[in-house]
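Structure, as structure tokens:
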Protein chains: 2
Amino acid sequence: MLHTPTGLPFDDIHSLSSDMLGPDTAAVKVVREREVQLMKPAGLFGRMEEIVEWLAAWHGAERPNITRPLVAIFAGNHGVTDQKIAPFPREVTHQMVANFAAGGAAINQICIAYDLGLKVFELALDMPTGDITLEYAMDEKTCAATMAYGMEAVVGGIDLLAIGDMGIGNTTIAAAIMHGLFGGEARDWVGPGTGMYAAGVAHKAEVIARAVERNAGSLKDPLEVLRRLGGREIAAMAGAILAGRMQRVPVIVDGYVATSAVAVLYAMDPSALDHCLFGHVSAEPVHRCALEMMGKRPLLDLGMRLGEGTGAAMAMGIVKAAARTHDGMATFADAGVSDNG
Amino acid sequence: MLHTPTGLPFDDIHSLSSDMLGPDTAAVKVVREREVQLMKPAGLFGRMEEIVEWLAAWHGAERPNITRPLVAIFAGNHGVTDQKIAPFPREVTHQMVANFAAGGAAINQICIAYDLGLKVFELALDMPTGDITLEYAMDEKTCAATMAYGMEAVVGGIDLLAIGDMGIGNTTIAAAIMHGLFGGEARDWVGPGTGMYAAGVAHKAEVIARAVERNAGSLKDPLEVLRRLGGREIAAMAGAILAGRMQRVPVIVDGYVATSAVAVLYAMDPSALDHCLFGHVSAEPVHRCALEMMGKRPLLDLGMRLGEGTGAAMAMGIVKAAARTHDGMATFADAGVSDNG
């Protein structure tokens, strides 16, 4: 938990995010020097090479490796589901968390396929956040405490973190945050979510517009947007991303909901997500727009929009392979092979 | 090897490719039925779901799994390198094959990362094919025998095959094949290859134009294109793809050179590549055009253009995860969870 002399949690978070570690450019230089010696023409490995440089920059390691990758799923419930913006009842969040524990979800199988750790952060599922059309989602203390709890995802010597979400109704919450942070019209930020029809989408946009409207004038501080319009899982993800930065653990972001957590930090400081890789672009059309707005290129585009960290975990498989390739390849000198000549 | 009463090898291959196995639609139906019962809203797993259906169709299996995936690299040398179309000397092909054996190449590391088998088919490296600006690359018998040799990639109970190439000068050969098969201008089919400059690209296009021109009028049969303009590794890859079809082993195709082998079969019969998945789109701009022309969507777009099967092997990691996810997930009934209501 966060304690400072001021006793104001949001101040603590603001000061954390204004004093962030930068990339280790010396380590990146070493990676680049090795890259051109590897037994292949330099540059031909495309984003695989960029990924290794990114790992080096944030690990602060000249020969980055991934030995303890973790997928963290943050699960929360939302009062706004009272507005009938989701086609599933709130208890499905509980049931899916039970399914993660039982090993029956998509993310369990992907974690087995790529040998990734998996941890579920269950965020007071029996206490949904306030219905944002009627009240604040959270008070400041709850929001800051939830962010601090999310920071605990970065423990145990993990060297790569993927963040994903589970929470019935949370694409509505994500859209409300994006609208609250970046303006525009509510409908600009609304995707179909999980199984919503056209009429449902219009209703969702209307609910979001109402929620943002009632907070108009108080949305300058991105942390205010988060606590007024957000959800516990989104606050926790924002905390996890900050903790990754502080502890040199790069973060792979999943779909639209996880992106809304990153967006809160981006709105505070665009460099706050330099240590983040967007694992995939979701089939939610608004996700692509959000990434473009933040100037980020996703790694995968597989038409997925399942959440649970599945897109980020798929990308983790690629990041692991990229690191192994750079680390394990022979150099021209090792192999006594003709270099470009 | 191929034997038939006619004694004409290309006739054999034509008859193989005119009598190809189709997809197992009953198996696909079973996969679709299970898909909607899995503990996630149906359709939200995007291309992962398509991949499982594709595996079912070509395995003929209701619950497809990948237990023996193989990456096959086909290596050949080319007389056309006498025309100085490549920035590396021909012996680099030998050296890279030695590097594959020693475990020092990029593809070795990717295979370790995803637990894939790796086999290198070395195709008479000391006997480069004819310089296509002056003579035929191969005679008919050599071409057919090389295709038959390539068919041996599909043995030993493998259940997924990725095909890749190694061969100094073979992007020139691939471009000549594409130009020979599909017309247009030579420069339409020329990419920079591995480390070529603008002047080099123009020279490459001129070499290809000359090679195709001297065969004008004899390019109606795609197998004639292959033997006149092709390379041994490309003929062997075409054979491997055919064998995959006959033995219900789906094939993941790597970059531009592997695509030129597929294109030979496509020109004979567009359905010949229904059992093929294009693992990635290479950073060679012409690769994207070739895939669009054949109506195929690549799985990955990582800016890679290294060859060696690296793009196909990266895709194999995803295909393995897709199969495992479908197979291992719980159904709503398993978990007693509320379905969409």
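The values are calculated or read from the model by the stated rules, or taken from the named source; none is laboratory data. Owing to the predicted nature of the structure, the values given are computational and were not obtained by experimental measurement. Cβ atoms come from the backbone with ideal geometry, glycine included; neighbour counts cover every protein chain shown. These accessible areas exclude ligands, DNA and RNA; they are computed on the full protein's heavy atoms, side chains included. Shrake-Rupley method; radii C 1.70, N 1.55, O 1.52, S 1.80 Å.
Things worth noting here:
- Positive dipole terminus of the range A:42-169, leading residue within A:99, A:54, A:153 (C-beta point charges): A:99
- Whole-number Å³ per residue for the convex hull built on Cα positions in the range B:238-323: 86 Å³
- When the alpha carbon gyration tensor of the range B:88-153 is reduced to an equivalent ellipsoid, its three semi-axes come out at 27, 17, 8 angstrom, largest first.
- In the range B:191-341, a dipole from Cβ-located charges (positive for Lys and Arg, negative for Asp and Glu) runs towards its positive end, and of B:313, B:240, B:279 it is B:240 whose Cα lies farthest in that direction.
- Using a Förster distance of 51 Å, the FRET efficiency for residue A:292-residue B:134 (Cβ separation, nearest 0.05): 0.50
- Paramagnetic reach from residue B:221 (point 7 Å along Cα→Cβ, amide N under 16 Å) across the range B:253-269: B:264-265, B:267-269
- Built amide H within the under 5 Å cut-off of residue B:78, gap 5+: B:129
- Since only A:266, A:251, A:77 are under comparison, the one whose Cα sits farthest along the positive direction of the charge dipole of the range A:68-321, derived from C-beta charges on Lys, Arg, Asp and Glu, is A:251.
- Label 7 Å beyond Cα on the Cβ vector: residue A:333 copy-to-copy distances, nm: 6.3
- Under the simplified labelling scheme, the residue A:68-residue B:334 pair shows an inter-label distance of 3.0 nm, with each label point 7 Å from Cα along Cα→Cβ.
- Nm distances between copies for residue B:157, ranked from closest, using label points 7 Å along Cα→Cβ: 3.8
- Buried accessible area, chains A and B (both chains, 1.4 Å probe, Å² to nearest 100): 4100 Å²
- FRET efficiency for residue A:42 and residue B:19, using Cβ-Cβ distance with R0 set to 35 Å, rounded to 0.05: 0.15
- Theoretical gain in end-to-end length, residue A:141 to residue A:182 [0.36 nm per residue, Cα-Cα removed]: 12.3 nm
- Here the protein assembly as shown is treated with +1 on each Lys and Arg Cβ and -1 on each Asp and Glu Cβ, and its dipole about the Cα centre works out to around 80 debye.
- The range B:68-321 - convex hull of alpha carbons, volume per residue in Å³: 106 Å³
- Listed residue pairs exceeding 23 Å between alpha carbons, taken from A:119/B:29; B:40/B:296; B:141/B:220; A:141/B:40: A:119/B:29; B:40/B:296; A:141/B:40
- Interchain or long-range residues, amide H under 5 Å from residue A:118's placed H: A:71
- Integer Hz, Karplus 6.51/-1.76/1.60 couplings in order for the range B:280-292, x for Gly and Pro: 7, 9, 6, 6, 5, x, 5, 5, 4, 4, 4, 5, 4
- Measuring how big the range A:114-237 is from its alpha-carbon positions, Rg and Dmax come out at 15.3, 47 Å.
- Here the simple spin-label model places points 7 Å from the Cα toward Cβ, and for residue A:124 and residue B:126 these points are separated by 7.7 nm.
- Ratio Rg/Rh [Cα only; Rh per Kirkwood] for the protein assembly as shown: 1.02
- Heavy-atom accessible surface of chain B: percent carbon and sulfur, 1.4 Å: 51 percent
- Given +1 at the Cβ of Lys and Arg, -1 at the Cβ of Asp and Glu and no other charges, the dipole of the range B:68-321 around its Cα centre is 300 debye to the nearest 20.
- With respect to the axis relating copies A and B by rotation, the chain A residue whose beta carbon is closest, plus that distance in Å, is A:317, 3.
- Between identical copies, the spacing of residue A:206 label points, each set 7 Å from Cα toward the C-beta atom, reads 6.9 nm from nearest to farthest.
- Pairs of Cα atoms farther than 17 Å apart, the range B:278-341, %: 55 percent
- Solvent-accessible area per residue in the protein assembly as shown equals 35 Å², computed with a 1.4 angstrom probe and all protein chains kept.
- Look at where the Cα atoms of the range B:101-126 and of the range B:218-285 average out, and the two centres are 20 Å apart.
- Considering only trypsin sites (Lys or Arg not before Pro) in DSSP loops that have at most 16 other Cβ atoms within 10 Å, the longest stretch of chain A without any of them is A:85-213.
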